[in-house]
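Engineer: The structure that follows is given in the form of structure tokens.
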Amino acid sequence: MQVTRYRPEVETDTTVEEYEVPCPRDWVVLDGLNYVKDQLDGTLSYRWSCRMGVCGSCGMMVNGEPKLTCATFLADYAPGPVKVEPLRNFPVIRDLVVELGDFMRKLVAVKPWIVRSEEKSVSEGEYLQTPDELEEYKQYSMCINCMLCYAACPIYGLDPQFIGPAAIALAQRYNLDSRDEGSAERLAVLSQHEGIWGCTFVGECTQVCPKHVDPAGAIQRYKLTAAMDWAKSFVMPKGAGSRST
Amino acid sequence: MTQPTYTEHHPRWLRQRISTYWWLGKWAYTKFILRELSSLSVAWFVGYLLVMVRRIGESEASYRAFLERATHPVLLTLDVIAFLFIVFHALTWFAVAPQAIVAHVGKKRVAPAVIAVSHYAAWIVVSALVAWLLLRR
């Protein structure tokens with residue numbers, strides 16, 4: 001494995017270190033990194049947690065492609081070398097660990113939770129939803145915040161102000177939720193230049209998404225909604241709705 | 001290795017510069033840039049059409065002179081290149097259109113393939129209509 005290292009206490013730029021690791025058929029790239037950490041070099045830093053494609057912590061560049069290292073088999077790259085780098089487009093803190101603050105701030109800005117103008121009291125019961133209504137947003141709810149889509153997005157790399165694929169897909173997930181009433185608040189954030197209009201539909205975010213969320217599709221749907229709302233505001237200045245479809 | 005200033009509680013983040021040629025590293029990115037460039041072809045044909053309409057409005061002689069100039073090899077080459085870019089633009093857009101358009105018939109979502117096919121069908125119908133208008137005697 002060729003692993004990118006960055007040790008800010010002694011280096012001003014990244015270096016590459018090579019490690020020989022076993023390559024059993026059932027080992028993923030993360031197993032290789034764990035082998036390096038346990039057996040060869042305990043100073044290697046990287047994030048991981050669940051090891052089953054759910055937590056979204058172990059995203060890295062594997063041979064130049066954004067991948068979940070827990071779901072990428074070493075044998076697929078045999079006989080190697082397998083090049084492992086930190087996720088592209090993010091500042092690197094150390095080795096393979098990137099800084100997440102920018103993404104977290106953007107995520108909060110789009111209010112990825114159910115917004116209600118008035119909450120029902122507990123005695124009124126739960127908010128009911130039909131299977132069809134669930135199906136409308138279910139795909140977007142699969143996002144695990146792994147940020148592979150940000151690493152694949154050249155727009156985010158060139159313009160870090162861009163809110164980015166996952167945050168917009170998650171906004172869409174709540175806009176399409178029949179229980180939610182916050183689409184107008186989200187549109188105010190996302191209709192700005194660094195929101196949906198920053199996307200030029202490269203489409204790579206969808207290609208690399210390990211959960212098939214299709215953030216590129218979410219953004220284009222959102223654009224259509226914003227354009228329709230804008231048009232409706234001329235035809236029906238007082239009655240234009242903002243429910244996304 | 002150099003020895004930069006380092007403070008334990010405020011580590012320096014490394015921000016890697018993106019190469020000017022980032023779009024050459026992967027076919028998907030190159031394709032995207034070509035699609036963006038193809039908008040110049042659209043502008044070229046729009047401008048071409050506007051000039052042609054103006055010449056028609058001026059006089060028959062002016063229009064014939066315009067047609068004469070349009071057969072210049074440089075202009076013909078530009079037209080062919082622009083046409084290829086337009087076709088590329090249309091094909092790549094039709095390929096991604098189903099992602100952007102989510103239509104429902106009743107409560108049922110229209111399949112992405114149907115949306116893609118309907119784009120091609122509309123393209124063929126409009127092209128046939130334009131051909132009929134231009135070629136009818």
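Engineer: Where does each of A:13-20, B:83-90, B:103-110 land if you order them by average Cβ count within 10 Å, highest first?
Structural biologist: B:83-90, A:13-20, B:103-110
Engineer: In deg cm²/dmol, rounded to 500, what helix-only [θ] at 222 nm does chain A give when every DSSP H run of at least 4 residues adds -39500 (n - 2.57) and the total is split over its residues?
Structural biologist: Roughly -9000 deg cm²/dmol at 222 nm, from the helical runs in chain A.
Engineer: No solvent, one uniform scatterer per C-alpha: report log10 I(q)/I(0) for region A:137-217 via the Debye equation at q = 0.20, 0.26, 0.27 1/Å, two decimals.
Structural biologist: The computed values of log10 I(q)/I(0) come out as -0.85, -1.28, -1.34.
Engineer: Pop out a list of residues from region A:203-231 that are at least 40 Å² less accessible with all the protein chains around than in their chain alone; 1.4 Å probe, no ligands or nucleic acids counted.
Structural biologist: Going by heavy-atom accessible area, the residues of region A:203-231 that drop by at least 40 Å² are A:Glu204, A:Arg221.
Engineer: Among A:Lys138/A:Lys223; A:Lys67/A:Lys211; A:Lys211/B:Lys26; A:Lys111/A:Lys232, which pairs are too far apart, with a Cα-Cα distance over 18 Å?
Structural biologist: A:Lys138/A:Lys223; A:Lys211/B:Lys26; A:Lys111/A:Lys232
Engineer: For chain A, what does the accessible surface come to per residue with a 1.4 Å probe? Please give it in Å².
Structural biologist: Accessible surface, normalised per residue, equals 47 Å².
Engineer: If you average the sequence gap of Cα pairs under 8 Å that are 6 or more apart and divide by the length of region A:111-214, what percent do you get for the contact order?
Structural biologist: Over region A:111-214, the number comes to 39 percent.
Engineer: Round to the nearest 0.05 the FRET efficiency obtained for A:Asp38 and A:Lys138 when R0 = 45 Å and r is the Cβ-Cβ distance.
Structural biologist: With a Förster radius of 45 Å, E is 0.70.
Engineer: In peptide B:21-33, how many Cβ atoms from other protein chains are near each Cβ within 10 Å, on average?
Structural biologist: Averaged over the peptide's residues, the number is 3.
Engineer: Moving on. So what is the relative contact order of region B:22-100, in percent, for Cα pairs below 8 Å that sit 6 or more residues apart?
Structural biologist: Relative CO of region B:22-100 lands at 39 percent.
Engineer: Let me ask another. Any chance you could check the Cα centroid distance between region B:96-135 and region A:116-158 for me, in angstrom?
Structural biologist: Region B:96-135 and region A:116-158 have Cα centres spaced 29 Å from each other.
Engineer: Let me ask something additional. Please sort A:21-29, A:186-194 by packing, taking for each peptide the average over its residues of neighbouring beta carbons within 10 angstrom, highest first.
Structural biologist: The peptides rank, most packed first, as A:186-194, A:21-29.
Engineer: Mind listing the lone cysteines of the protein assembly as shown, meaning no other Cys beta-carbon sits under 4.7 Å from theirs?
Structural biologist: A:Cys23, A:Cys58, A:Cys70, A:Cys143, A:Cys146, A:Cys153, A:Cys199, A:Cys209
Engineer: Then there's this: How much length is gained if the chain between B:Arg69 and B:Leu133 is pulled fully straight, taking 0.36 nm per residue apart and subtracting their Cα-Cα distance, in nm to one decimal?
Structural biologist: Gain on extension, B:Arg69 to B:Leu133, equals 20.6 nm.
Engineer: For region B:22-100, take every pair of Cα atoms, bin their distances at 10 Å starting from 0, and report each bin as a whole percent.
Structural biologist: Once binned at 10 Å, the Cα pair distances of region B:22-100 give 17, 35, 27, 15, 6, 0.
Engineer: Between A:Trp197 and A:Val235, what's the calculated FRET efficiency when r is the beta-carbon distance and R0 is 22 Å? Round to 0.05.
Structural biologist: 0.50
Engineer: Report the label-to-label distance for A:Met228 and B:Leu37 in nanometres (one decimal), using points 7 Å from each Cα along the Cα→Cβ vector.
Structural biologist: Going from the A:Met228 label point to the B:Leu37 one covers 3.6 nm.
Engineer: Relative to the longest principal Cα axis of chain B, at what angle does helix B:73-100 sit, 0 to 90 degrees, rounded to 10?
Structural biologist: 60 degrees
Engineer: Could you work out, residue by residue across A:9-15, how many beta carbons of other chains sit within 10 Å of that residue's beta carbon, and then give the average as an integer?
Structural biologist: 5
Engineer: Short version: ³J(HN,Hα) in whole Hz for each residue of region A:48-65, in order, from phi by Karplus 6.51 cos²θ - 1.76 cosθ + 1.60 (θ = phi - 60°), x for Gly and Pro, what are they?
Structural biologist: 6, 8, 6, 6, 9, x, 10, 7, x, 7, 9, x, 8, 8, 10, 6, x, 10
Engineer: May I pose another question? For region A:123-136, what does the Karplus curve 6.51 cos²θ - 1.76 cosθ + 1.60, with θ = phi - 60°, yield as ³J(HN,Hα) per residue in whole Hz, taken in order and with x for Gly and Pro?
Structural biologist: The phi angles translate into 5, 7, x, 7, 7, 7, 8, 8, x, 5, 5, 5, 4, 4 Hz.
Engineer: Mind telling me which of A:Thr130, A:Thr206, A:Thr69 comes out most flexible in a GNM of chain A, alpha-carbon contacts under 10 Å?
Structural biologist: It is A:Thr130.
Engineer: For chain A, what's the relative contact order in percent, using C-alpha pairs closer than 8 Å and at least 6 residues apart?
Structural biologist: Answer for chain A is 17 percent.
Engineer: A follow-up question, please. Report the local net charge at B:Ala95: Lys and Arg +1, Asp and Glu -1, summed over other residues whose C-beta lies under 11 Å from its C-beta.
Structural biologist: That works out to +2.
Engineer: Grab the other residues whose beta carbon is less than 14 angstrom from that of A:Met52, score K and R as +1, D and E as -1, and report the net.
Structural biologist: For residues surrounding A:Met52, the net value is 0.
Engineer: For a test of the definition: using alpha carbon positions, the gyration tensor, and the 1.5 limit on a/c, classify the protein assembly as shown as rounded, prolate or oblate.
Structural biologist: It is oblate, given that a/c is not under 1.5 and a/b is not larger than b/c.
Engineer: Give the aspartates and glutamates whose C-alpha is closer than 17 Å to that of B:Lys107, dropping any in the same chain fewer than 8 places away, or say none.
Structural biologist: Counting by Cα, and skipping residues close in sequence, B:Lys107 has these aspartates and glutamates nearby: A:Asp132, A:Glu133, A:Glu135, A:Glu136, A:Asp177.
Engineer: Roughly how many percent of the accessible protein surface of region B:33-76 is carbon and sulfur, given a 1.4 Å probe and a whole-percent answer?
Structural biologist: Of the solvent-accessible surface of region B:33-76, carbon and sulfur hold 71 percent.
Engineer: By the gyration tensor of its Cα atoms, with a ≥ b ≥ c the square roots of the eigenvalues, what is the shape of chain B: rounded for a/c under 1.5, prolate for a/b over b/c, or oblate?
Structural biologist: Oblate, because a/c is 1.5 or more while a/b does not exceed b/c.
Engineer: Chains A and B: how much accessible area gets covered up at their contact, both sides added, probe 1.4 Å, in Å² to the nearest hundred?
Structural biologist: 2700 Å²
Engineer: Per DSSP helix of 4 or more residues, -39500 (n - 2.57); summed, then divided by the residues of chain B. What does that give at 222 nm, rounded to the nearest 500?
Structural biologist: -24500 deg cm²/dmol
Engineer: Separation between the B:Lys108 and B:Leu78 pseudo-spin-labels, each 7 Å from Cα along Cα→Cβ, expressed in nm?
Structural biologist: 5.1 nm
Engineer: Just to be sure I understand: with springs between alpha-carbon atoms less than 10 Å apart, which residue in A:Cys55, A:Cys209, A:Cys146 has the highest mean-square fluctuation in the Gaussian network model of chain A?
Structural biologist: Of the options given, A:Cys55 has the highest mean-square fluctuation.
Engineer: With springs only between Cα atoms under 10 Å apart, run a GNM on chain A and tell me which of A:Pro160, A:Pro86, A:Pro66 wobbles the most.
Structural biologist: Among A:Pro160, A:Pro86, A:Pro66, the largest GNM mean-square fluctuation belongs to A:Pro160.
The values are calculated or read from the model by the stated rules, or taken from the named source; none is laboratory data. A quick note: this is a predicted structure, and the numbers were derived from the prediction, not measured. Quick reminder, even Gly has a Cβ in these numbers, built from the backbone with ideal geometry, and neighbours come from all protein chains shown. Keep in mind that these areas ignore ligands, DNA and RNA; they rest on the heavy atoms of the full protein, side chains included. Shrake-Rupley method; radii C 1.70, N 1.55, O 1.52, S 1.80 Å.
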